[in-house]
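Trainee: Before I ask anything, here is the structure I am working with.
Just so it is clear, none of the values below were taken in a lab; they were calculated from the coordinates. All of these numbers come straight from a predicted model, not from anything done at the bench. Positions of Cβ are generated from backbone atoms using ideal geometry, with glycine treated the same way; all protein chains shown enter the neighbour counts.
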Amino acid sequence: MKYNLVINQVPQISLCRKGAWLNSGLPSALKRSFRNKFGLSFEVSDGQNLSSTKDSFYKHYVNTLFNHEPHGFIFKNNYLPGVPKIVFLESEACLSEVMESSYWDDIIGFLSYSNKETFISNKPVFQNSDIERISDFLFNYTKKSVTSRPLYGLALVGGKSQRMKKDKGSLDYFGKAQGHHVYDLLNEFCDKTYISLREEQSDLSYLNGLEDHCLSDRFLNMGPLGGLLTAFQKHPEASWLVLACDLPYISKENLESLIKGRNYFKKATCFKNPEKGWPEPLCTIYEPSTVKVFHQYLSLGVVCPRKVLMNMPHELLEVTSDLTLQNINTPEGYEEVKSQTKLKVFENEGNC
């Protein structure tokens, strides 16, 4: 069964029992195991009263979620629907009660002091003291959840191209308009691919046949950030591989390298600019949880995606050529690329 993690955007697991958790060290032990074995920061939170926004536990949860950027949450007694649950079987009667509960389909496993079964209805049973097995199971479950997100592509062609004096998406580097080339390149790797553009661009000839794949900015005058937020608004469940049309040296090999090096538990995976040393935001995989961060910075008036990316947890990958992330913004730059054999040499070198 697939669980919807879109609303919260970070993995959540609930440990459920009727008795008090006061003397149980299991939640804290699992938190330590996640950190020591997998390098993941999971917060422990009491989820019993999360349905009430006035409750102090709810306020602590929201504060942690918005300010401390955990990789996930381990709840105690969060019975809200859709949250994966491991249930502590404290008596024989407990199982019968649980099987008739409204949250049966949310249960992914059981805890027991004495039960000899290894599975109940295809759900694994763990001894309460077996921290290693429980943490391995939860890690693998969580990893499967985050890696099952669809990966969508977003070709950015919405820039005003003021220095180029011509729509950069219409430039021909590879025998077709660059906007169409970027779309085709992303489409090799992504479940779906869209083209991000300003609404007044919707009649461009090089987009003929791709009208159903165009996303006009709904967040206006924000540059690439507006296009990315528009994409997340349409498909908040997806991760987005973003590529700008003014990066002609980005190749299929580069995208393969980016996807191979992807860290699903960080906000983004990107390349390091070899000249500046900063992350390149316009050839990046953004995970769904970045939406919150973008809106936080937007509330401060920050619309530069590089500034936001630099201040969120991201996986930074190296490139082997200074050309890879070179952007072309002027007619002179375009003519230089076209008149020389840089692109062909670059592709033959198999740069990544």
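Trainee: By count of other Cβ within 10 Å, fewest leading, how are Thr330, Thr324 ordered?
Mentor: Thr330, Thr324
Trainee: Here's another thing I want to ask about it. Of the beta bridges DSSP finds with both residues in region 151-348, what % are antiparallel, to the nearest 5?
Mentor: So the antiparallel bridges amount to about 35 percent of the total.
Trainee: In percent, what relative contact order does region 151-348 have, based on Cα pairs under 8 Å that are 6 or more apart in sequence?
Mentor: The value is 22 percent.
Trainee: Full extension from Lys192 to Thr330: what is 0.36 nm times the residue separation minus their Cα-Cα distance, to one decimal in nm?
Mentor: Taking 0.36 nm per residue and subtracting the Cα distance, the gain is 46.6 nm.
Trainee: Let me ask another. Ranking Asp184, Asp246 by Cβ neighbours within 10 Å, fewest first, what do you get?
Mentor: With the fewest neighbours first, Asp184, Asp246 line up as Asp184, Asp246.
Trainee: Right, something else. Rounded to the nearest 0.05, what FRET efficiency do Glu90 and Asn122 have when you use their Cβ-Cβ distance and R0 = 25 Å?
Mentor: The calculated FRET efficiency here is 0.70.
Trainee: Evaluate E = 1/(1 + (r/R0)^6) for Glu256 and Met99, where r is the Cβ-Cβ distance and R0 equals 45 Å; express this FRET efficiency to the nearest 0.05.
Mentor: Here the calculated transfer efficiency is 0.45.
Trainee: Under a point spin-label approximation (7 Å from Cα along Cα-to-Cβ), what is the Ala20-Leu220 distance to one decimal in nm?
Mentor: With each label point 7 Å from Cα toward Cβ, the separation is 5.9 nm.
Trainee: Of Leu30, Leu316, how do they rank once you tally other Cβ atoms within 10 Å and put the fewest first?
Mentor: Starting with the residue having the fewest Cβ neighbours, the order is Leu316, Leu30.
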